[in-house]
Amino acid sequence: MRLNAYLARAGVASRRKADELIKAGRVRVNGEVGQLNTFVGSGDVVELDGGRLAPQLLAYVLLHKPAGVVTTAHDPHGRRTVVDLVRHESRVVPVGRLDADTTGALLLTNDGELAHRLAHPRYKVEKVYEAEVEGEPSAEALARLAEGIELDDGPTALARVRRLGPGRVELVIHEGRKHQVKRMLEAVGHPVRSLHRSRYAGLTPTGLEPGRWRELTHQEVESLRAATRTR
């Protein structure tokens, strides 16, 4: 695997931070200073500042994200992060993002390859959101959401939409743009009051209290891998 991925698997830093360590000349592979294009094999010895590193076991965690927590590994403003909630022996990081005030299903892992595939639009990973909105969306508004909304960064893809109750709507999308669901509903005249992701890639937080997490089962991990294999 590439050196920055190895450092991430070893729990040292994110891939981006790992690149900075490599550029600073602090990482050696078999005694030689590592480069950004260095690949690490099973028999190679990797050291950071003279200390030998070893990759962690792959870990997959589903968190029921509560409101008021930011989706990042470290927040420069000192706010509580999702990583603070998941006390795991392996260094797991979130796959994608949920706004601080959005609740629901969030996957964290140290499997960089799978995380990259899940986030890539080509695999069309489904995300299901339940939104409480201002006003009562009309059938026309729901149809517009389903057919695609023109946003400032381009039109959204087709979505599945249904009414859950008074002022409550479910949207099923496979894109992951910033604030996408909120912007879509704002565009049809129904700003979001609260937003919950009820399902991500088939994973649901049902049975988990907000702020609690669990390990994925082997079957769930294999399902994620199957969903992101090249078609």
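Where a number appears in this text, it was derived from the coordinates with a stated rule and is not lab data. Note that the structure is predicted; figures quoted are calculated from it, not measured. Because the Cβ atoms are built from the backbone with ideal geometry, glycine has one as well, and the counts that use them run over all protein chains shown.
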Q) Kirkwood hydrodynamic radius (Cα pairs, Å) of segment 144-231? A) 15.2
Q) Just from its helices, what would the mean residue ellipticity at 222 nm be for the chain, if runs of 4 or more DSSP H residues each count -39500 (n - 2.57) and the sum is divided by every residue, rounded to the nearest 500 deg cm²/dmol? A) -6500 deg cm²/dmol
Q. Taking the Cα centre of the chain as origin and charging only Cβ (+1 Lys, Arg; -1 Asp, Glu), how large is the dipole, in debye to the nearest 20?
A. 340
Q: Sequence neighbours fewer than 8 away in the same chain don't count; with that in mind, list the lysines whose C-alpha is under 17 Å from K127.
A: K65, K178, K182
Q: Kindly state, as a whole number, the per residue volume in cubic angstrom of the convex hull around the alpha carbon atoms of the chain.
A: 149
Q.
Among V188, L171, L58, whose Cα projects farthest towards the positive end of the dipole of the chain, with charges put on the beta-carbon of Lys, Arg (+1) and Asp, Glu (-1)?
A. L58
Q) segment 36-94: which trypsin sites (Lys or Arg not before Pro) are DSSP loop and have at most 16 other beta-carbon atoms within 10 angstrom? A) R79, R80, R87
**Q.** Peptides 4-17, 101-114 ordered by average Cβ neighbours within 10 Å, highest first
**A.** 101-114, 4-17
Q) Measuring from the lowest to the highest alpha carbon on each principal axis, how far does segment 3-52 reach, largest first, in angstroms? A) 24, 21, 19
Q | Values of log10 I(q)/I(0), in the order q = 0.29 Å⁻¹, for segment 59-109 under a Debye, Cα-only, solvent-free model | A | -1.21
Q) With a sphere of radius 11 Å drawn around the Cβ of G68, what net charge do the other residues whose Cβ falls strictly inside it have (Lys, Arg +1; Asp, Glu -1)? A) +1
Q.
Please rank T206, T71, fewest neighbouring Cβ atoms within 10 Å first, as an exposure proxy.
A. T206, T71
Q.
Below 15 angstrom from the Cβ of V221, what's the summed charge of the other residues (Lys, Arg +1; Asp, Glu -1)?
A. -1
Q) When a footprinting reagent is the concern and you count Cβ atoms within 10 Å, what order do L158, L171 take, fewest first? A) L158, L171
